[in-house]
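For reference, the structure discussed in these notes is given below.
Since every read-out is calculated from the coordinates, none of them should be taken as a lab result. Values in this document were obtained by computation on a predicted structure and should not be read as measured data. Cβ placement follows ideal geometry from the backbone for every residue including glycine, while neighbour counts extend to all protein chains displayed.
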Amino acid sequence: MFKKKTGIVVHRCIVRLFEDFSAVEYEFLETHKGNYLMDRLCQRLEIKEKDYFGLRFVDNTKQRQWLDLGKLIVKQCKDIHQLIFSFRVKFYPADPFHLSLNVRVLLYKQLKRDLNHGRIYCSSNEIVTLGALIVQEQFSDYDENIHTGDYISNLRLSARQTDAIEKKIIKKHSERTPGQDPITVIDEFLRISRNLETYGIEPHYVKDHQGVQMYIGINYSGISAFISGKRTQHFRWNEIRKLNFEGKMFIAHIGYMDTSREVKKYTIGFKCASGGACRYLWRCSIEHMLFFTLPNCQNACVNYGGGIFSRGAKFKYTGRTEREILNDFIYTSYSPLDGNGLENKTKSNSVPVTPSSPKGELPYIRYNSLPRSGVSILDTDIYNRNQYLMDFSDLLAIQSGYVKPQQSNIECHDKRHFFDSNEAHKSYSNYIPPSLNKEKSNIIKYNFNSLSKSTHNTNMDGATSLYKEFNNSKNTKDLRSLHMCRLFFPSIALFIIIMTITAFLIFESNTELFDSIRHAPEITAFIDNYYLPLKKFIKGNVIN
């Protein structure tokens, strides 16, 4: 971080690529969001499907995090002395062959790292096959004059690499068909890797309700639980109803349909090493579920995590979903010069021709024949009735002696409702609406005096009644607020007393009635994180 002469604070960061020895340096301002770095990096690497990638960093609590592209970089990376990002694949696609060649090559590099660091757990034969493909891609075809001795000893291929596995890889490399280009070898590597159970898995180490050490992996298909590298449980995204966390406990609400076509629901919990690791696991799960299940990013809503007794978290998905990326790929695959192109589609003949889209063979259609300003023919009766009331109000103004002659600025063609432009200078006193005959106008003149006399009394009575109603409503609101204040505090006190007694009965009694409640993931997390420390504090400080 440094300041320019203009006073603008500029921050610097280092972005590591898939090879640890290759890195780039960028500068950003305090107002820049995560998208700024991602766009510049993807432009440099010529990546179109940038939503599959992400920037990972380690925060001040030594917890790994993904940079949120929709938030400010400075707020996410507080108190970090040297800011280093790692450019990695964030969402592993179910079918890599729908993506561009450049993205497939970067995915191949990521999978090589996963195999080297032990994130891809597979059998020895699969390690030999994948290792031979890596050697084929780097050293080309096997040549006994060049590839002599233990030529792959300096090449790190797998976390379980041994001398016996290296010999098998050399033998497998010598048996491969010569003449294959590197792209064919990379595609074969991707085809084998995507069928593995640990494909696209980032291990999150947790414990189950019995305290057994295991790890959770998340990928395009759902959430999986592994023990000693073998998958023991798998929950698909369509079976997961809700994801939440409470303290260190990661909680998943599962619902599935059994053989009898009945929906079964249950809750499963996993205890993480810390609260930060639990929030990170929750966020990764939510982000993967939204990316692989939502039709578009517009349907993404704000997701809230954390229970009543836990510090909550909020997550808003940003970027495109996988379905949007694939739809854009299909859309761009059409050629505009092709007969099947999207731009050459003509209008269907079944659509009727309307005046808004006339054709050359219909010259007799006139736009003036349609009603204007959105007024339909059915509205003419309402329009005439409103005009009659307007004429009646003008006549009352004439009888009261208030005449306000004015110039008409409205051009109209219907003389039944408006003044003609040649008679705009005439006074209202000489005008009798044509909708009223002489007999009606005499009746109005006769009754107008009595109407004007009673107007003042009527207005006074109405104002008095409105004032009384206002006072009555105000008194009612005051009484209602008083009753709410009297009921609120006793109800809160009663609720606290009932919850305290209930918690004491559940946590301290050994009755079998509360066993199902006591072993629930939320209650287990509450006991470990809050109840037992509070009980210890009360015994040590209050009672003693």
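So here's what we get for this one:
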quantity	calculated
Under the Karplus curve 6.51 cos²θ - 1.76 cosθ + 1.60, θ = phi - 60°, whole-Hz ³J(HN,Hα) for region 104-114, x wherever Gly or Pro sits	5, 5, 5, 5, 4, 5, 5, 5, 5, 5, 4
Relative contact order computed over region 2-89 (Cα-Cα under 8 Å; 6+ residues apart), in percent	33 percent
Amide H contacts of Gly118 (H built 1.01 Å from N, under 5 Å, at least 5 apart or other chain)	Ala159
Greater than 25 Å apart at Cα, pairs in Lys314/Lys535; Lys248/Lys536; Lys71/Lys112; Lys62/Lys535; Lys75/Lys109; Lys109/Lys242	Lys314/Lys535; Lys71/Lys112; Lys62/Lys535; Lys75/Lys109; Lys109/Lys242
Anisotropy class of region 41-134 from Cα gyration tensor, a/c 1.5 cut	oblate
Interchain or long-range residues, amide H under 5 Å from Thr198's placed H	Tyr121
Amide proton proximity set for Ile227, modelled H, under 5 Å, gap of 5+	Thr232
Environment charge of Thr162, counting only residues whose C-beta is closer than 13 Å and scoring Lys/Arg +1, Asp/Glu -1	+1
Note, ³J(HN,Hα) from phi for region 77-85, Karplus 6.51, -1.76, 1.60, rounded to Hz, x at Gly and Pro	10, 6, 6, 9, 5, 10, 8, 10, 9
Note, ³J(HN,Hα) from phi for region 152-164, Karplus 6.51, -1.76, 1.60, rounded to Hz, x at Gly and Pro	10, 5, 8, 9, 8, 10, 9, 5, 9, 6, 10, 5, 5
